[in-house]
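Here is the structure we will look at, set down as structure tokens.
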Amino acid sequence: MGWRERVAREKRAAYRDETYWGRPVSGFGDPEAGIVVLGLAPAAHGANRTGRFFTGDRSGDFLFAALHRAGLSSKAVSRNRDDGLRLTGVWISAAVRCAPPENKPTPEERDACLPFTARELELLDAKVIVCLGAFAWDAALRLYGIR
């Protein structure tokens, strides 16, 4: 917790004039989504800055462009949470809700965040979970009692 708040105070020079979110990040998208994209954690100068997963970072540039091509996103790029981006049929979340040092969350952080992810999935009733990376995959397996 202290690290994500410090990053929000000691900003990267490129974002020095922006107000960082600096708090836990919740999922977003279409509440009727059949697809959940589950990532790792908020990036220090991405979602920790913008307050929305994959917004304002390079991985988001790739993800939103792909979702846009598939007709699931209203925009191919997302720079901030007020940019008008709308998702259709997709909900985006992550295994960990707070930006971890060096973008390397610990299993303890994942386990602490699992109840929030479980509640999101319960409310969404999604049919497909797309796990981006082994950490998200492991979180999904734990959510469904497979590990």
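Values quoted throughout were computed directly from the atomic coordinates according to the rules given, and no laboratory measurement underlies them. Note that the structure is predicted; figures quoted are calculated from it, not measured. Cβ: placed from backbone, ideal geometry, glycine included. Neighbour counts: every protein chain shown.
What the table shows:
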read-out	value
Kyte-Doolittle mean at least -0.5 and Cα axial length at least 20 Å: DSSP H helices in the chain	107-124
Proximal aspartates and glutamates relative to Lys104, as straight alpha-carbon distance under 17 Å, when same-chain residues fewer than 8 apart are discounted	Glu5, Asp57, Asp138
Full-extension gain in nm, Asp61 to Arg119, via 0.36 nm per residue minus C-alpha separation	18.1 nm
Translational D in µm²/s for the stretch 100-147 (Stokes-Einstein at 4 °C, 1.567 mPa s, Kirkwood Rh from C-alpha pairs)	113
Positive-end residue, the chain charge dipole about Cα centroid, Cβ charges, pick of Leu141, Gly39, Gly2	Gly2
Order of Ser73, Ser59 under a 10 Å beta carbon neighbour criterion, fewest first	Ser59, Ser73
Distance-filtered residues of the stretch 1-43 - backbone nitrogen under 19 Å, label point 7 angstrom along Asp111 Cα→Cβ	1, 41
For Asp17, Asp83, order by how many other beta-carbon atoms lie within 10 Å, fewest first	Asp17, Asp83
Dipole moment magnitude, nearest 20 debye, the stretch 2-143 about Cα centre, only Lys, Arg, Asp, Glu C-beta charged	380
Cα point-scatterer Debye curve for the chain, base-10 log of I(q)/I(0) at q = 0.09, 0.10, 0.15 Å⁻¹	-0.25, -0.31, -0.72
Estimated 222 nm signal from helices in the chain, with DSSP H stretches of n ≥ 4 weighted -39500 (n - 2.57), rounded to 500	-10500 deg cm²/dmol
